[in-house]
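Reading through the structure tokens given below for one structure.
Each value in this text was obtained by applying a stated rule to the coordinates, not by laboratory testing. Keep in mind that what you see is a predicted model, and the values were worked out from it rather than measured. Glycine gets a Cβ as well: all are built from the backbone with ideal geometry, and neighbour counts include every protein chain shown.
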Amino acid sequence: MTAGDSNNETRKGLFIRTKKLMLEQDEILYIESRAKKVEIHTVGALDSIEIYATMEELESQLGDGFYRCHRAYIVNMAHISEYGKDSVTLTNGDQVYVAKKKYGEFVKAYKCYLEDGGVSSV
């Protein structure tokens, strides 16, 4: 299928094999690693989905709009409402940690994301 390039960019999904579920990437707030499971926190009615996967596996499927700010978290930069030296606050009010080593790199990536029109849905 071909989508128009004007206002509706190609929508990206994340296929969750074990649940036979396709999740739109713009519905993902953040992904959290919990031992051998991963919890995908969403904005939709699902709220969160728990699956067996590695962060690396999911990270490789996600686009530039996502950033791994901590070994346990990948955030969707479209859903960041604010950030500080050690945490990011998402649009739903949840906070996730930012690793000290990753803070500078995170700020650069987030600024680039915003400069590239990251908040295009507004």
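Only lysine pairs 8 or more places apart, or on different chains, with alpha-carbon atoms under 25 angstrom apart are counted in region 14-115, and they number 19. Of the peptides 68-76, 35-43, the order by per-residue mean of other Cβ atoms within 10 Å, starting with the highest, comes out as 68-76, 35-43. For a test of the definition: using alpha carbon positions, the gyration tensor, and the 1.5 limit on a/c, classify region 14-115 as rounded, prolate or oblate. Note, shape of region 14-115 comes out prolate. Can you tell me how region 26-80 classifies by the Cα gyration tensor, rounded, prolate or oblate, using a/c under 1.5 as the rounded cut? Taking the square roots of the gyration eigenvalues as a ≥ b ≥ c, region 26-80 is oblate.
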